[in-house]
Amino acid sequence: EPDVTIVSGLKNMVVFEGDDVTFRCQVSHENARDVEWKLQDVALQNNEMNEISVEKGKIHTLTLRKVTEQDIGTITFRVGPHTSTA
């Protein structure tokens, strides 16, 4: 299995309370496994508040819905040993 690397990392975002925000990270290969999103070191799951998806096979996205002050912090995307933060 090829070593999947991060081609295009996360970008810092400024968003107003109550809005949605989307983070994108592009990886080098499709169907990447061992992928994880975190907010302030807490692993995120796909649910009604966090939408985790993959576009075009290589672009991993995380949308945080209706953000609040509690959502302030570092977002981390990890694939294997590689990470990107915003």
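The values are calculated or read from the model by the stated rules, or taken from the named source; none is laboratory data. Everything quoted here is computed from the prediction, not taken from an experiment. FYI the Cβ positions are ideal-geometry reconstructions off the backbone, even for glycines, and counts take in every protein chain you see. The area values use the complete protein model at the heavy-atom level, side chains included, leaving out ligands, DNA and RNA. Shrake-Rupley method; radii C 1.70, N 1.55, O 1.52, S 1.80 Å.
Tabulated data for the structure shown
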| item | result |
| --- | --- |
| Of all residues making up the range 62-85, the number that are assigned to a loop (DSSP other than H, G, I, E, B) and in contact with a Ser or Thr (Cβ under 7 Å, 6 or more places away or on another chain) | 1 |
| Spans of strands (runs of 3 or more DSSP E) in the range 1-61 with at least 2 residues out of contact with any Asp or Glu (no Cβ under 6 Å at 6 or more places or on another chain), open to solvent by 90 Å² or more (accessible area, probe 1.4 Å) and closer than 19 Å to I72 by Cα | none |
| Whichever residue in the range 61-75 is without any contact (Cβ under 8 Å) to a residue 60 or more places away in the chain and within 14 Å of the chain's Cα centre (by Cα) and, among such residues, is farthest from F16 (Cα to Cα) | T61 |
| Test: D71 is under 18 Å from N12 (Cα atoms), open to solvent by 40 Å² or more (accessible area, probe 1.4 Å) and at pLDDT below 95 | yes |
| Matching option when the condition is more than 19 Å from N12 (Cβ to Cβ) and modelled with pLDDT of 95 or more, among N46, N31 | N46 |
| Number of the exception - I59 against (1) among the β-branched types (V, I, T); (2) touching a strand residue (DSSP E or B) at 6+ places or on another chain (Cβ under 9 Å); (3) modelled with pLDDT under 95 | (3) |
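Listed here are the residues, each with its yes/no results for (1) in contact (Cβ under 8 Å) with a residue 24 or more places away in the chain; (2) among the basic types (K, R).
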{"site": "G9", "(1), (2)": "yes, no"}
{"site": "G18", "(1), (2)": "yes, no"}
{"site": "R24", "(1), (2)": "yes, yes"}
{"site": "N31", "(1), (2)": "yes, no"}
{"site": "L39", "(1), (2)": "yes, no"}
{"site": "N46", "(1), (2)": "no, no"}
{"site": "M49", "(1), (2)": "no, no"}
{"site": "V54", "(1), (2)": "no, no"}
{"site": "I59", "(1), (2)": "yes, no"}
